[in-house]
Amino acid sequence: MNVLTDNLSLFREGFIGTVELTVVSGIIALVLGVIIAAFRVSPVPPLRVFGTVWVNVLRNTPLTLLFLVAFFILPKILFPDMDSFVLGVVALGFYTSSFIAEALRSGINTVPMGQAEAARAIGMSFTQVMRVVVLPQATRAVVAPMGSIFIALTKNSAIAGSFDNVDLFNVAKTLSNDGYDIAMIFLWITVAYLVITYAINGAFRLLEHRMEVAR
Amino acid sequence: MTEVSVTKDAIPPGADDLVVLKNVNKHFGALHVLQDIDLTIARGEVVVVIGPSGSGKSTLCRAINRLETIDSGDISIDGRPLPQEGKELARLRADVGMVFQSFNLFAHKTVLENVTLGQIKVRKTGKAEAEKKARALLDRVGVASQADKYPAQLSGGQQQRVAIARALAMDPKVMLFDEPTSALDPEMINEVLEVMQQLARDGMTMVVVTHEMGFARSAANRVVFMADGRIVEEATPDQFFSNPRSDRAKDFLSKILKH
């Protein structure tokens with residue numbers, strides 16, 4: 001008997017589950033990360049404090065602990081009966097946003113101060129300075145670390161699999177309970193993860209190449 | 001230096017005051033970089049600020065559009081005090097052109113985009129109209145043929161002229177020049193100074209921090225000499241260069257005019 005051919009639909013379900021978790025939490029992380037990075041360099045002190053606290057709390061908390069908070073504390077006080085997928089992508093997205101914010105901030109620091117000053121001097125607002133002048137130039141320096149963050153996110157999404165989400169990790173558990181050879185399960189699960197992470201890898205390499213040409 | 005005759009009659013006192021600094025003070029840590037600065041610049045006047053490095057002249061220039069905050073005192077432009085950081089300040093900055101020592105052209109934008117960006121994003125001008133104006137300005141500063149290149153592909157002198165066009169595109173009431181030729185090769189200094197002299201002749205109000213004494217002589221209505229965070233002397237260029245009153249200015253001039 002063959003693990004893969006016998007359970008093709010289960011594998012597909014797990015694969016799609018992991019992709020969905022990664023993509024949705026990736027988008028959440030990206031949006032929040034940009035906002036938090038902007039907070040951290042903003043001229044308004046309370047926003048800077050908020051950004052710093054956000055990054056330090058989320059980045060330094062173990063992800064499993066964040067999941068425990070998201071699944072056992074959050075529903076009690078705020079959102080009862082929330083879907084486990086939503087809770088999973090919120091935990092993953094918030095956690096990853098702190099890493100994205102820091103990568104972006106280091107990118108922002110590579111843009112010479114004079115660029116922002118010139119933009120302010122022609123009357124741009126802070127948001128315009130960031131959106132039109134600083135972030136587009138910061139992006140180039142940020143692509144490589146960003147790729148690593150998204151690959152890490154893919155692998156981190158396995159934790160959501162042990163919190164009531166159907167993903168590759170969850171499928172591995174199910175099949176192992178069904179009595180299949182554990183080595184074969186892990187082999188195919190690993191291959192599935194590699195497909196996703198290599199796709200991210202390739203996409204970011206393409207992006208990096210594209211940006212090199214554009215200047 | 002090209003000899004261009006520029007009307008440099010002293011602007012009559014009490015004329016329309018555009019930039020007014022009153023009792024301005026600023027510290028960088030223990031360094032008192034601006035000390036009780038009082039300075040009034042009339043509409044249409046060209047004021048050249050000179051002085052030894054570290055005298056606070058760049059800081060003074062940057063304080064006028066609040067790129068540097070001040071600790072005390074008042075700065076007003078066209079009768080309105082400088083607002084706090086925010087929309088109001090952004091609006092005011094749009095009316096104050098600034099040219100930097102290191103050009104600071106937007107590196108990811110073409111020359112043309114550099115000149116249209118402020119018009120489109122800040123003045124909300126249409127793209128076609130903004131480009132038309134940008135091309136006219138680039139032509140005026142003599143870099144029209146470089147419009148589609150990126151700043152890094154231009155020489156320093158060309159970049160600085162684009163930076164002047166970028167500032168002019170906002171139709172500023174006053175232009176601030178913070179050592180505009182200090183980062184340039186000697187052979188490129190003149191092409192920038194000529195553009196600035198043309199501007200002065202056209203009646204632009206200008207505050208120019210510079211080490212170019214030739215420009216001060218030929219284009220300025222007034223020379224402001226700063227040392228150690230204070231305005232030591234204010235005079236017409238003729239008075240200042242031929243007959244400086246303060247010892248500090250005499251000492252400074254003797255050092256720079258020797259060769």
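Data for the structure
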read-out	value
Conditions (1) surrounded by fewer than 22 Cβ atoms within 10 Å (Cβ to Cβ); (2) among the acidic types (Asp, Glu); (3) out of contact with any Lys or Arg (no Cβ under 9 Å at 6 or more places or on another chain): number failed by residue A:102	(3)
Pairs where the first residue, in the stretch B:142-165, is in contact (Cβ under 8 Å) with a residue 60 or more places away in the chain and the second is buried (at least 17 other Cβ atoms within 10 Å of the Cβ) and part of a helix (DSSP H, G or I), C-beta under 6 Å, 6+ apart	B:160/B:192; B:164/B:195
Candidates A:88, A:123, A:93 - the one that is in contact with an Asp or Glu (Cβ under 9 Å, 6 or more places away or on another chain) and either touching a residue at least 12 places away in the same chain (Cβ under 8 Å) or over 30 Å from residue B:96 (Cα atoms) (or both)	A:88
Any hit, the stretch B:135-142, residues being open to solvent by 20 Å² or more (accessible area, probe 1.4 Å) and under 27 Å from residue B:68 (Cβ atoms)	no
Flag for residue A:185 being touching a Ser or Thr at 6+ places or on another chain (Cβ under 7 Å) and either assigned to a helix (DSSP H, G or I) or surrounded by fewer than 19 Cβ atoms within 10 Å (Cβ to Cβ) (or both)	yes
Of residues in the stretch B:144-184 being under 19 Å from the mean Cα position of the chain (by Cα) and of a type in the set (Asp, Glu), the one farthest from the other protein chains (Cβ to nearest Cβ)	B:179
Candidate set: the stretch B:96-120, residues that are of a type outside the set (S, T, N, Q), part of a loop (DSSP other than H, G, I, E, B) and farther than 17 Å from residue A:130 by Cα; chosen: the one farthest from the other protein chains (Cβ to nearest Cβ)	B:103
Unique residue being closer than 27 Å to residue A:156 by Cβ, within 14 Å of chain B (Cβ to nearest Cβ) and surrounded by 15 or more Cβ atoms within 10 Å (Cβ to Cβ) when the list is A:41, A:132, A:111, A:34	A:41
Only one of B:123, B:93 that is closer than 20 Å to residue B:199 by Cα, without any contact (Cβ under 8 Å) to a residue 60 or more places away in the chain and within 14 Å of chain A (Cβ to nearest Cβ)	B:93
Any chance residue A:172 is assigned to a helix (DSSP H, G or I), more than 14 Å from every other protein chain (Cβ to nearest Cβ), touching a residue at least 12 places away in the same chain (Cβ under 8 Å) and among the small types (Gly, Ala, Ser)	yes
Members of the stretch B:79-137 that are out of contact with any helix residue (DSSP H, G or I) (no Cβ under 7 Å at 6 or more places or on another chain) and on the phi > 0 side of the Ramachandran plot	B:79, B:86, B:124
Helices (runs of 4 or more DSSP H) within the stretch A:1-97 that include 3 or more residues over 21 Å from residue A:165 (Cα atoms) and touching a Gly at 6+ places or on another chain (Cβ under 8 Å)	A:8-40
Test: residue in the stretch A:85-105 that is within 14 Å of chain B (Cβ to nearest Cβ) and in contact with a helix residue (DSSP H, G or I) (Cβ under 6 Å, 6 or more places away or on another chain)	no
Qualifying positions in the stretch B:40-65 - open to solvent by less than 20 Å² (accessible area, probe 1.4 Å) and within 18 Å of residue B:219 (Cβ to Cβ)	B:41, B:42, B:45, B:46, B:47, B:48, B:49, B:50, B:51, B:57, B:61
Residue within the stretch B:58-77 that is touching a residue at least 60 places away in the same chain (Cβ under 8 Å) and on the phi > 0 side of the Ramachandran plot present	no
Boolean, residue A:143 is at pLDDT below 95, among the β-branched types (Val, Ile, Thr) and within 20 Å of residue A:34 (Cα to Cα)	yes
Lone unmet requirement of (1) of a type in the set (D, E, K, R); (2) closer than 23 Å to residue B:118 by Cα; (3) in contact with a Lys or Arg (Cβ under 9 Å, 6 or more places away or on another chain); (4) surrounded by fewer than 18 Cβ atoms within 10 Å (Cβ to Cβ) for residue B:228	(2)
Criterion violated by residue A:117 - all others in (1) at pLDDT 95 or above; (2) over 30 Å from residue B:176 (Cβ atoms) satisfied	(2)
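The values are calculated or read from the model by the stated rules, or taken from the named source; none is laboratory data. Keep in mind it's a predicted model, so treat the numbers as computed, not measured. Ideal geometry is used to build each Cβ from the backbone, glycine not excepted, and the neighbour counts take in all protein chains shown. The protein model used for the area step is the full one, side chains on, heavy atoms only, and it has no ligands, DNA or RNA in it. Shrake-Rupley method; radii C 1.70, N 1.55, O 1.52, S 1.80 Å.
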